[in-house]
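Nothing in this text is a laboratory measurement; each read-out follows from the coordinates by a stated rule. This structure is a prediction, so every number in the text was calculated from the model and none was measured. Backbone-built Cβ (ideal geometry, glycine too); neighbour counts: all protein chains shown.
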Amino acid sequence: MHPSHLSQVAAIASVTVTAVADVPVLSWVGDRVHAAFAGAVPIPVTLVQARPLTDPDGMIAIIDARKRCVGEVASLAELSVESRAVAQLELQRRYCIAVILRVESTLVDFGSRYWQVVTDRGPRRFLVRDPQRAVLRLPPDRIMLRDVQGNRFLIPSLAALDAASRLAAVPAL
Amino acid sequence: MPFTTILPPPDEGVLQSLTRREPVLLRVSADLDFDQRFNRVHVALTASRVLVVADGRILQCHALAGLTTARADELYGSGRLVVIGPAGERTLCYFTRNLVPEFTAAARAITELILGRTPSLPEMSESCSCERCQAPLAERGANCPLCVPRGRIFLRILGLMRPHRRQVVLLMLGTFVGVAMQMLPPLAYREITDHVIGQKHLQELPLWIGLILGAFVVSSACRLLSQGIAIRISGRVVTDLQSRLHEHLSRLRLSYHNRREAGEMVGRVMNDTGELQGFLTNGIPYLLVNAVMLLAIAVILVALDPLLALMAFLPVPVLMLGGAWFWKRLIPMFHNRDSRRGRIYSLLGESLRGIKVVKSLNQEGRRALEFSAANEQALAAHALTERTNFVFFEVLALVMQFGTILVWFVGARGVVTSLGRHPSLGDLMAFAGYMAMFYGPLQWFAAVLNWMTGAFAGAQRIFQVLDQATEEVPIAMVASVAAAAPATPGAEPQPIRGEVTFRNVCFSYERGKEVLRDINLSVPAGTMLGLVGRSGSGKSTIIGLLCRFHEPDHGEILIDGVALSSLPLDGYRSAIGIVMQDPFLFRGSIIDNIRYGRPGADFSAVVAAAKAAHCHDVILQKEDGYDTVVGEGGVELSGGEKQRLSIARAIVSDPRILILDEATSAVDSETEQAIQESIGRLVQGRTTIAIAHRLATLRNAHRLAVIEDGRVVEQGTHDELMAKEHGHFATMVRLQGELNRLTAEQIVEIACTPAI
């Protein structure tokens, strides 16, 4: 897009979207992240990844209690060391994705796919239905599974799984 | 105790020692620890404290007196229970999404105790995993498909055929006679070989040939009869079932449909019943015929020659077990192939439906590439499935040939060494004939059993729908309401005046995810209430509750002072009229669409309604006037035309309570003005609840309520709300005015900027 058109789009967008502020200072108040912009009083905020599937290390949006985006950083690197530590811990708590280390067994039963796996958080059994929506293939070789309850499971690399796990996983994908 | 779970000994010990001092009102177990590993952490609530216990230790202890509220937050793939006090928020525990309802209820109970109210301790008896096999369930409390009670389902399927029992008896008779006839020819071959040829009794030949011919003719006739009966019964059973399903689905609560896609329901009505029909038509006769035939042949083979029978039976375990093994691997391949094929259909449909967008954004090439990639994947899945299928049948054929070769090897030696006694050449010929009949069905048995499993799963899904309670008021509830109401003998039901009251109403679509909280609204009969708020704030949910598409979780809705839940649904719904943002027209004529709510309305009433809705002239401009077919496959109508037809529909229904859900959001200003005039006539004297994003359209409302995050945050007349300078409504009006002005100015500015 041409820069002049970009600025025009931004001009229109600024009317409907709250303008985002400078790089914030993040801190804990109790167990809640607070953000202070330009030395103002810290406000309780929620941190969300703009692209949790395809670029979890990318843009982090800062959402206030009224669910408005009040700030954003292109990556954690933009934050100070202290703020980065706060953000990292909060994101780690907020994004609960169990990484599948081994697939014990799968069972495909008429549209339902039952998985029994060992993850980095412990063993787990879960059920996936509607694979077109619940099985996301992400580049280069990652697979994100969303079970019927909304829990997330990640296979970081199908090729890197052991042979038995791969053999069990493939029919259920 | 509602959330009692079996706790590990150390944790139980902690709670027991606690119980001695103060009773535990509620305890609930989380399934993630603070490192978010799958571990147990327990939250216990007493009258004065909330505690977090794990590994025999109290990790946290908060005095309720020092807290203001509790909340369950949904995170990405998990959730957390939080208590809030003057020092800020403290996370009590983390849990997976499986436990969102439990912890939302726990948060509510903690908050109620903090506020000094009696906590409501809900029952959560429905688990999200099967109690028998521990497999995860698609829905709480659903039947586990892995523990399908096949016997019961089979009996229920048979029950569907009860009205056709005479035909079923005929079908079975035909099957038995047909199988018996098929058993005759090999025996006749033996007699021809040993007697007619071996002992040159040529005069017996016509008898045996006649017998063989007769057996073939009767067997064919029996097959034709059985198949004809099976087709007739299955067709009738499935047609009745589809009609029952359609009627039942239309009577189920909207909450049931909200959790499912229309496509899934269509699949259930058509695919599951289709699968059941296929099984009834072909599967049951196949199983019946072949089970009887296998048994009969096995007995005959043993009777003919036990040693040869043993040789013939040798490949049977391999055929059966190998067949099951192969099918277990083939089924996922079939699913994968179908899923890939489904993706192609979906892409094709999307390309065609979105053709304008694709063309306008010049993305034809990208769509073609996406389609090609999906097509290639489907081809690969198809090739793999077919290849495996082919290998499967070739291997089975080889195994069968092995049995045949073995029988010929042992049998031929036996015939030669027995010198015409037993086994004779005729015995061997008969044996070979029976073997061909014996092996054939065996290779398909595993497939048919799988097919049976599929049909049973489909049948179970159908029965699950039919077993769902419809939205009619349960008899028990009617009885209790009638008993509670003061008895007035001979009293006629009073016509609805239209006074609407919401009293402390809370509601969630999914258990634990509250979308409305403590809604209190009062709309006197004949007045208009405007609901305003951001998208997703809960306005349409309030409307849904008023229409009784859903039932509140807490609180009650009163109509003319009577609980809505106690009013007969049919009578109540006929007193409601809805004009929706995107009105739905059924396939049919315009006149039938306008009088959809009152099919008996005469033409003059329809015309009067159309005139009042400003659509009479528009209709007359259509070639077929009021007979113009609209809806799917009919004449395309503009958004404004559809809207006005739906207003006419509401006018014909003459509702006491009128609901306008963004009735003018999709039309241009001129049309909006015309529609507003129509609406102005429609609302007179009726209780009206209107949702509008364009706040100016609500200026005639007697009262306005601002909804935010599922709560009423402001209520009053237009003037009262505008008088609050920093009030929600006044701010929204100001912002909307600024937005309209600024956007118009900027559009002009951009249009005037020369492109660089």
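Points worth noting:
- Length gained when the stretch B:ALA383-B:ASP553 is fully extended (0.36 nm per residue, less Cα-Cα span): 56.0 nm
- Within a Gaussian network of chain A (alpha carbon springs, distance under 10 Å), most fluctuating of A:ALA98, A:ALA159, A:ALA35: A:ALA159
- Under 5 Å between amide hydrogens, built in the peptide plane, is the criterion, and for B:ALA690 it picks out B:LEU529, B:GLY530, B:LEU531, B:LEU660 among residues at least 5 positions away or on other chains.
- Exposure proxy order (Cβ contacts within 10 Å, fewest to most) of B:ILE707, B:ILE192: B:ILE192, B:ILE707
- Pairwise Cα distances in the stretch B:586-730 exceed 18 Å in 60 percent of cases.
- Shown here: the stretch A:79-145, whose C-alpha atoms stretch 51, 24, 20 Å along the first, second and third principal axes, sorted largest to smallest.
- Stretch gain in nm, segment B:GLU725-B:ASP624, where the contour uses 0.36 nm per residue and the Cα spacing is subtracted: 31.0 nm
- Across the stretch B:589-594, coupling constants 3J(HN,Hα) worked out from phi with the 6.51/-1.76/1.60 Karplus curve, θ = phi - 60°, read 6, 4, 4, 5, 5, 5 Hz, and Gly and Pro carry x.
- Computed log₁₀ I(q)/I(0) - Debye formula, equal Cα scatterers, no solvent, the stretch A:29-68, q 0.15, 0.17, 0.26 Å⁻¹: -0.41, -0.51, -0.89
- Within the listed set A:VAL23, A:VAL118, A:VAL41, the residue fluctuating most in the Gaussian network model of chain A (springs between alpha-carbon atoms under 10 angstrom) is A:VAL41.
- Each residue, B:THR717 and B:PHE584, gets one label point 7 Å from its Cα in the Cβ direction; the gap between the two is 3.9 nm.
- Spacing of the two label points (7 Å from each Cα toward its C-beta) at B:LEU207 and B:LEU398, in nm: 4.7 nm
- Computed label-point distance, nm, for sites A:TRP28 and B:LEU146 using a 7 Å Cα→Cβ extension: 3.9 nm
- Across all directions, the average flat footprint of the convex hull enclosing the Cα atoms of the stretch B:647-730 is 6.2 nm².
- Given B:LYS539/B:LYS611; B:LYS356/B:LYS622; B:LYS622/B:LYS642; A:LYS67/B:LYS539, the pairs whose alpha carbons are separated by over 20 Å: B:LYS539/B:LYS611; B:LYS356/B:LYS622
- In range of the label at B:CYS130: residues from the stretch B:89-111 whose backbone nitrogen is under 20 Å from the point 7 Å along Cα→Cβ: B:98
- For the stretch B:73-197, alpha-carbon Rg over 2.2 N^0.38 Å: 2.30
- Virtual paramagnetic centre 7 Å along Cα→Cβ of B:ILE355, amide N under 19 Å, in the stretch B:618-660: B:632-637
- What the pair-distance distribution of the stretch B:556-611 shows, using all Cα-Cα distances binned every 10 Å from zero, is 19, 39, 27, 15 percent.
- Going from the fewest other Cβ atoms within 10 Å to the most, the residues B:THR628, B:THR388 appear in the order B:THR388, B:THR628.
- Enclosed volume per residue, in Å³, of the convex hull spanned by Cα atoms of the stretch B:32-73: 85 Å³
- Working note: Karplus 6.51/-1.76/1.60 with θ = phi - 60° gives the stretch B:402-412 the couplings 4, x, 5, 4, 4, 5, 5, 5, 6, x, 4 Hz, where Gly and Pro are set to x.
- Rg/Rh (Cα only; Kirkwood hydrodynamic radius) as it applies to the stretch B:570-663: 0.94
- Against the compact-protein benchmark of 2.2 N^0.38 Å, the Cα-based radius of gyration of the stretch B:142-188 scales to 1.79.
- Relative intensity, log₁₀ I(q)/I(0), of chain A from a Debye sum that treats every alpha carbon as a point, q = 0.12 Å⁻¹: -0.71
- Rh (Kirkwood; distinct C-alpha pairs) - the stretch B:513-638, Å: 17.4 Å
- Shown for B:TYR345, B:TYR596: other C-beta atoms within 10 Å of each C-beta, ranked fewest to most, produce the order B:TYR345, B:TYR596.
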